[in-house]
Each structure stands twice: as structure tokens, then as C-alpha cells.
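Below is one structure, written out as C-alpha cells, with a few remarks after it.
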Amino acid sequence: MSVIAGGRNILSQFRRQKEGMIGLIIVVILTILSFASPLIVPGNSMATRHAELSAPAWMSVFDPDYFPDMTLVNATFKSAQDMNKFFIDTTQSGSNFYTHYEWVSEGAPNSPGALNLTIMDDPNKQLDYAKPEGKIRVSYFFTWTKNKPPLKFTAHMAFKLVNRGNFTLYKTTAYEVSIAAYITYRGMSGEELRFELGRKGIIVPPQKYDPEEGIYIIEPPTIDVGKWLDITSLLESLYKNTMFTKGANLEVRFTITFRVKDPNHRVAGGISVLLDKIWLKAESHYYGVFGTDNYGRDIFAMVLDGLKISLFVGIVATVLSIFIGGLVGLISGYFGGKVDEVLMRIVDFLMVMPGLPLLITLAFVFTQMGVRPLYALIIVLTVFGWAGMARVIRSQVLSLKSAIYVEAAKAAGASSTWIIRKHILPGVWPLVMMYLMTGVVGNILAEASLSFLGVLTPDWPSIGRILQEASVQSAGGGGGGVGGGGGGAFIAWWWVLFPGLTLTLIGLAFYLIGDALVKIFNPKMRGY
Amino acid sequence: MGLKEYAIKRMFTGFITLLIVIAANFIIFRLPSFITGIDPATLYGMGRLMGGGGGRQTDPTKIIDQIIDFKRRWDLPSLVAPIGIWFDHFMKYVFNMLTFNFGRSMSAPAINQPVVQVLLARLPYTLYLMVPATLLSILVGIYLGVKIGSKPGSKLDVSLMTTAMAIYALPIFWLQIILLMVFASWLGWWPVGGGISSTSYGFKDPLLFFSDIMYMFTLPILSLVVGSFPGWMLLMRNSLVDVMTEDYIMTARAKGLDERVILYKHAFRNAILPVVTSVILALAGVWTGAIITEQVFNIPGVGNLFLAAVLNDNYPLAEMLFYFVALTVILANIIADISYAVLDPRVRY
């Protein structure tokens, strides 16, 4: 029986093993999923995608108060019509200020137009000391109709500041400019709650007094003139949960303030602020197949990426160690003598060293030598994986060698290579296949454990690392991260459950295949 | 070859392996220093400069004095010393290892303490964790293994075997995080942080101390039992299945003996032999602890010590721990083989 014919025979027998086929199908599906991850969940898996700690999307079935992600407003100012979505208030300025708003066709990148707000001071007019500032408010009013607050509320606007007349930002020190976003809640009995969502404010000149050091610190300007900038901000959960009650009247307001700081050095001029891409988003409590973690990353995308690494490490390290172990076992078992003695002492040595601490030490050594941690890990897993394999193959070769048909072949004058190829290898082959399956699981788990312990600082997406972050950051236990500790809430069970479940599934699938192979190769086991 | 010669041969090869381990330990733990060019003395000096361990030292000349003192105390040759000095150092080290003279801890944890003491301080917690876990998993495994091994192919057999495979495939730390999540965080039966309850340090009464430790270690022990009973179950089952196909079992059946008598008087006694070997090996490994379990549950045991030793370049500690592991594994293997030969007279060498 040649190796190839044996392989064909195995395939036809394998099809009759139900559990083995299930295992094979799971492995194939998970492999395809992990390699198709750019299509299924496009984009960088390490990027924030949705509200932090969103539950898996299918969980929404059980939630009577479910609502999808909502974009409350999304204004790109295609035309002047878009201005009507907002209430623009120019009446809050002092009497010496000129305020004006209009639609302009010059928008932020990829946007056809913008809302242009202009505030100018007229030094010929007496300064209105009661209101020494020019102000324009752009408000969006809405009512929250859902039963529970959104998981995340984000407000965004793009703006560009342009100098007008004799005013030059950062050079004319008589004025202060600030651009800010607020959210206001108005209750039934007229109570108000206001929260500042974000601010790009400046004090002119951009200096700040530091009382501890007793010096002025020059602050870098926070607004670049003539450039499109963003304010993206989210509402703190305490405010969010208070404000977003059912039927609450809410207002999101963007305020442009142009304030006189030094009444003696007023100039004829001011600012124009172009507003664009105003959007308000209320994100639902549900996202993705496996939900999101505490950075809002899609756990499903991370698991698929991690699975790719798991499979890569598991298969490459196992194939390498089986190759080395098989070769050593074959040489050791077939030729015996001094070679056998030396090789077996090396094997003994590798088998009595404590595995995990040694893996950590050597992986660290390789990383220090400039090897990428992932390759270091594969090298180390190989160095330690082959010993057990060599011992198993050796004893198999020893028992095959003493078989009568081998003796007969020797007596007939067959060469060593011929005997190995025709008689020894076909007997070793089943063992190799079985150990391939169990070895892959062992190496996948070893990679996960090392990433979980956090001593390697993996630079690859690893399921072990997801679990480490889950246990350290949401959970307590101090799992992973040497010396880690502290309490936690364990609110996001999906963050813990699914990554581990995926690892278990792929491991179980490999075991099922291996088990089926055992039954094929070892007829005594059939029927059990 | 008689049993005596076999034992002598095994002890000889075991000693050779031990010498390889001693030599390898010397190289492995010093490799990071040679690659980075930073030896523990320099690390210590840098630590003093940063203000770790006994106050901040800013005077550079004093730090250099301290580095020299550190090198003298731990007898560290310079990394660029000639090969002869390193060889002398190596020979001294081998002699120390063989005479069980392990020296003092070089860095965290427990700097300056004799490493044997450092180990002994951690040992009780690891034993409290590992002894019950190992014994329980062996008992559960043997019980279930006999149950399914006597009826291979039954529904219970198939479902337990599949469960065993699933448990083999799952990362144990994941199971532990889930246990913590459900029982510690949601139900609040245990503190989420794990560890040892602070009150247990204050208990003078050994019984109170022990019961407190056992309460705190319930989840880790449970997870370890779940994680390792399938191995024992599989071993017991396969051994029993093998024995049940032997001719003398058929003879016993032919005699019309009760199936229970056959199982326990004839089959079990023979099938337990390979299990006994593994039990000896497992009990020898009990003291080394469980690195991941101790990390997840914050247990200050030997497993944590391993991690701390290799991460802090603590040569004396790491060398002692690795040496002891090799020693116990080698001895346990010899004892297991010899006891197998004693228990099973069929074994010949």
C-alpha cells in the first residue's frame, strides 16, 4: 500500500464518519469565514464601530424597547433648504455687533454648501456693556420618543473660521472667539439641564497662567483659521440617561461667540464661521453578531481576525514540529544505537522542562533578537512541540521494524530507504495525521494562553488578547496582565462568551476529525 | 535485564538529563541579558535610579558603587568577561545546583531572600489549590471512566466522550472567567478579585484558616477539576476497554460470573495499572501549581512565582524552580516505571 493510495482509501472511509465530517465542515466554514472577513465585516477590526459595549444585534429580538441606530439630523447644506431644519438665533448680540447668516456654495470637503454665520464689531458704535459679545446660535429641537436612552449620543459639526475686516485671529488681542456645542433638556415643569458637548475655544492671546509654576504657558491655538475642523463629542452617560427620558424636549445648540476683551483696542471687523456636516446620532444598544467591546470595536470582526492567526499559528507550528519530530523519531527508531541515545536525551530534556514558563522566556528571547513576536511564538512552539511527537513515532517505528515482513525484506536485500518508504512510512502516516489534529488544537490554545497572559504584548489580533482585555477591563479577576487586579462589572457577557466559544468550536472540530481518523486507522476502535 | 539493572540504567539516564537541564538553565536565563546587553546588576541600578526598591537614588557614583556591590554579592561576571571566567562561574553554578545551594533571590519578588524560602512561602497556597483539584479530578475521572468503559458505545459513552473533547478544546482561562462572571460578579457568592480573603491571614485557628482558603479556592478548584477530569476519564476508559477484550475476561464470562464481579474483580484491577503510573506523575507535578489559574484568580502560589521569576530575570529563583521541576519529573518517571513493574509482573525488560 503506497502512501497516496492509502490517502485515497482514508478519504473514502472518512466520508462515512459522521462526527468527523461535522468537524471537517466546521473547520472549513470557520476557515472560510476568517479569510472572508474583509468582505463580511469590512474595515479595520481594531477601529471603533459602534457604541461601547453594545449587545449582539440578534439580542434585540428580546427587547420590547428596541430602536435602531438613529440619525436625528444630517445636514450637509446641499441647498438653502437645509437651513430650515435649524432655528438660527441672531438676537443675542450686543447692539454694536452686526450679525448675519446665509447659505454659501462653499462647503466642507465632499459637501456642496455650508451655513455661513458672520459676526462683526463696529468700533464707531458705543460698546454695549450689558452684552459685550456677538453671538449666533444654531439650534436643533427634538423630542425623544423612545422608552430608554440611546447607548451613545454623538453630536458632530464641521466648521471653518475666516477673518473679516481688520480682525485677525491670534494677532488682534482685543477679542475672544469660542465655538461650542451644548445639549439642553427642558422638563415639564420648566427645569433645565445643560451639558457642554464640546468646545473649540480660545483665549487671545493664547496664553494661560499656571499658578503652580508661576509662569504663563503658551497654549497651542485650538482653531486653525481657514481650515475645516471638527467638533465630535458624546454625551456622558450620567447626563444622557437623565436627559433622554421618554417625551423629553431636547435642544442641541451650536454657539458662536465673539467677545470683546479689551474695549480700548476694538477694530472694524470680525469673523465668519462656516458650519457644515451637522449630524446628531443616537446609537442603539445592539450591534454586530457578537456585540462590541469597551472601545466600541466589533467583537465578531476581531474574532475572525484572531481566528486567522489561531489557525496560522496552530497549523504552521504543528506541521513544523511534526516534520522535525517525525524525522527524529524515524532516525532514532530505525537506526538506534548512539544516535538514538543522544536524540532521546534531548527529547527527555525537552519533556522535563516546565512548558509555559519556558515558552515565555524563549519567546521573550526571540522577540529581543528582533524576531516578530508572532514568528517567535511559532519558533518556540515548534522547538517544544516536536519532542513528544518524536517519542511516539520512535516507538511506532520500533514496533514496525521488528515486524516479520520487514525482516523478510531485509533478508531479501532491500535497502534502508526502500524499507522506510514501503514499510515504515505507511505505518507512521496514520499517527502523523492524528497528531496533526490534536497538535493544532494544542498550539491554538498555547497561542491563546500566551496572549492571554499578556507577557508577549502580541502585535497581532488574537482571541487570547480579546479575552485578556475582557477580563482585565470589564471584569475583575486580574486575569492576564501580570499583577493585574481590580473589580469590574462583567456587564458585557458577550465580550467574554463568544471569543472563547469560537476557540472551543474550532478546537472541538479538529478533535472530531482526529477522532474519526483514529477510528479509521485503528479498526479495534470502530463501533465504539 | 532484571529490575535492578533497569532501575540503575534509568537513574543514570535521568542524571544525564538532569545535567542537560542544569546546563540549559544556565544558558536560557542569561540569553536575554546577552542579547540586550543589560545584566541584572544594571537593571537593579536602573531600578534604583527610577526610585524602585528602597528609595530613589540620584547620585550616579553611588549607583555605580551599588551596581558593583550587587555584582559582588551575586557573583556575577561581566557580560564581556573572558570565556575562562565564565567557565569557572559555570562550574561553580553546576556544583551549587548539585549540592542544592540555590542562593538568594536577585530581583522581584522578595529580593535578597533565600530562594528556597521564597518557594516555601508560596508552596502552601499552591498545595491547597492543587492537591484537592488533582485528587478530585482523578476520582471523578476514574469513576466516570469505569462507567463508560464498561459499556463502550453507549449513549452515555458517546456524550461524555464528546464533552471530554469539548473540554480539551476549550481554553481553561475562558472557563474560569465565565465562572468568575457568573458566580462572583452576577451572583456575588465570591469576591470578583479572587485571591485569598484578607481575614485568613489573621486566623490563628488552623481550621478556620483552612476553611476560609477552601471557600476562596472553590472556583479555581472547580475549574481545574472540570478541565482535567476528562484526561483521567479517557485514560481509565481506554485502559478498561482494552482489558475487557482479553481472553481471561471471556473465560470469566463463560464461567457465568456476575458482570459486576468481572468488572471490579477481574477487569478493573488490571485496567487501573496504567492509571496508577499517571497518578504518580500527576502528584509529582502538584507543587508546580497552575500559572494561568493562579493569574486569573490572583492566587500567590508557585505558578505565579514561575512567571515572576522569568519576567524579572531572577536567575537564582528561575534556575531553582526549573531544576526542581526537572528533578521531580525525572524521579516520578523512574518511580512510576518501577512501581508499574512491581504491580504488573507481566512487564519484562
*Given the protein chains as shown and a 1.4 Å probe, how many square angstrom of A:Thr143 are accessible, to the nearest 10?*
70 Å²
*Ordering B:Ile83, B:Ile291 from largest to smallest accessible area (1.4 angstrom probe), what's the sequence?*
B:Ile83, B:Ile291
*Report, in cubic angstrom per residue, the convex hull volume of the C-alpha atoms of chain B.*
193 Å³
_Explain nothing, just the number: dipole magnitude of segment B:3-98 about its Cα centre with +1 on each Lys and Arg Cβ and -1 on each Asp and Glu Cβ, in debye rounded to the nearest 20._
260 debye
*asked:* What's the longest uninterrupted piece of chain A once you rule out the GluC sites (Glu not before Pro) that are loop residues per DSSP with at most 16 other Cβ within 10 Å?
replied: A:237-528
*DSSP loop (so not H, G, I, E, B), at most 15 other Cβ within 10 Å: list which trypsin sites (Lys or Arg not before Pro) in segment B:202-309 pass both filters.*
B:Lys204, B:Lys255
*Whole number please: convex hull volume per residue of the Cα set in segment B:120-312, in Å³?*
150 Å³
_Using a Debye calculation, one point per C-alpha and no hydration shell, please list log10 I(q)/I(0) for segment A:68-283 at q = 0.14, 0.17 Å⁻¹ in order._
-0.91, -1.20
*Using Cα-only point scatterers and the Debye equation, what is log10 of I(q)/I(0) for segment B:46-169 at each q in 0.09, 0.21 Å⁻¹, rounded to two decimals?*
-0.58, -1.24
*segment A:12-164 - Rg (one decimal) and Dmax (whole number), Cα, Å*: 27.2, 98
_Report, in listed order, any pair from A:Lys401/B:Lys151; A:Lys135/A:Lys200; A:Lys18/A:Lys519 with a Cα-Cα distance greater than 23 Å._
A:Lys401/B:Lys151
*State to the nearest 20 debye the size of the charge dipole of segment A:1-109 about its Cα centre, where the only charges are +1 on K and R beta carbons and -1 on D and E beta carbons.*
1080 debye
*asked:* Given the -39500 (n - 2.57) contribution per DSSP H run of 4+ residues, what per-residue ellipticity at 222 nm results for chain A, rounded to the nearest 500 deg cm²/dmol?
replied: -13500 deg cm²/dmol
*With an 8 Å cut-off on Cα pairs and a minimum separation of 6 or more residues, tell me the relative contact order of segment B:120-312 in percent.*
39 percent
*Separation of segment A:371-423 and segment A:502-521 by C-alpha centroid, Å?*
23 Å
*Could you name the aspartates and glutamates in cross-link range of B:Lys9, using Cα to Cα under 13 Å and dropping any fewer than eight places away on the same chain?*
A:Glu341, B:Asp337
*Work out the charge dipole of segment B:3-98 with +1 on the Cβ of Lys and Arg and -1 on the Cβ of Asp and Glu about the Cα centre, then indicate which of B:Ile67, B:Asn96, B:Ile27 is farthest towards its positive end.*
B:Asn96
*Using a Gaussian network model of chain B whose springs link C-alpha atoms within less than 10 Å, name the residue from B:Val225, B:Val116, B:Val192 with the highest mean-square fluctuation.*
B:Val192
_Set A:Lys131/A:Lys171; B:Lys155/B:Lys255; B:Lys147/B:Lys255; A:Lys85/A:Lys160; A:Lys125/A:Lys281 screened for pairs whose C-alpha atoms are more than 32 Å apart_ = A:Lys125/A:Lys281
_Loop-located trypsin sites (Lys or Arg not before Pro) in segment B:18-111 whose Cβ has at most 12 other Cβ within 10 Å (DSSP)_ = B:Arg56
*Starting from the Cα of B:Lys265, draw a straight line to each of the aspartates and glutamates and keep only those under 19 Å, dropping any in the same chain fewer than 8 residues away.*
B:Asp242, B:Glu246, B:Asp247, B:Asp344
*Using only Cα atoms, locate the centre of segment A:109-156 and the centre of segment A:275-295, then give the distance between them in Å, rounded to an integer.*
24 Å
_Within 10 Å of each Cβ in A:364-374, the average number of Cβ atoms from other chains_ = 3
_aspartates and glutamates whose Cα lies under 17 Å from that of A:Lys338, excluding same-chain neighbours fewer than 8 positions away_ = A:Asp348
*Projected onto the charge dipole of the protein assembly as shown (+1 at Lys/Arg Cβ, -1 at Asp/Glu Cβ, origin at the Cα centre), which of A:Val380, B:Val279, A:Ala317 gives the Cα projection farthest towards the positive end?*
B:Val279
*Return a whole-number percent for the relative contact order of chain B, with Cα pairs under 8 Å and 6 or more residues apart as the contact set.*
27 percent
*Calculated on alpha-carbon atoms, Rg and Dmax of segment A:88-206 in Å*: 17.3, 55
_Signed unit charges on C-beta, dipole axis of segment B:120-312, positive-most listed residue B:Val182, B:Met216, B:Ala164_ = B:Ala164
*Using +1 on the beta carbon of Lys and Arg, -1 on that of Asp and Glu, and nothing else charged, what's the dipole of the protein assembly as shown about the Cα centre, debye to 20?*
2340 debye
*Only Cα pairs under 8 Å and at least 6 apart count here; give the relative contact order of chain A as a rounded whole percent.*
20 percent
_Stokes-Einstein D (µm²/s) once Rh is taken as the Kirkwood radius of the protein assembly as shown over alpha-carbon pairs, at 4 °C in 1.567 mPa s_ = 39 µm²/s
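The values are calculated or read from the model by the stated rules, or taken from the named source; none is laboratory data. Given the structure is predicted, the values throughout are model-derived calculations rather than measurements. Methodologically, a virtual Cβ is constructed for each residue, glycine included, from the backbone with ideal geometry; neighbour enumeration extends over all protein chains shown. The area values use the complete protein model at the heavy-atom level, side chains included, leaving out ligands, DNA and RNA. Shrake-Rupley method; radii C 1.70, N 1.55, O 1.52, S 1.80 Å.
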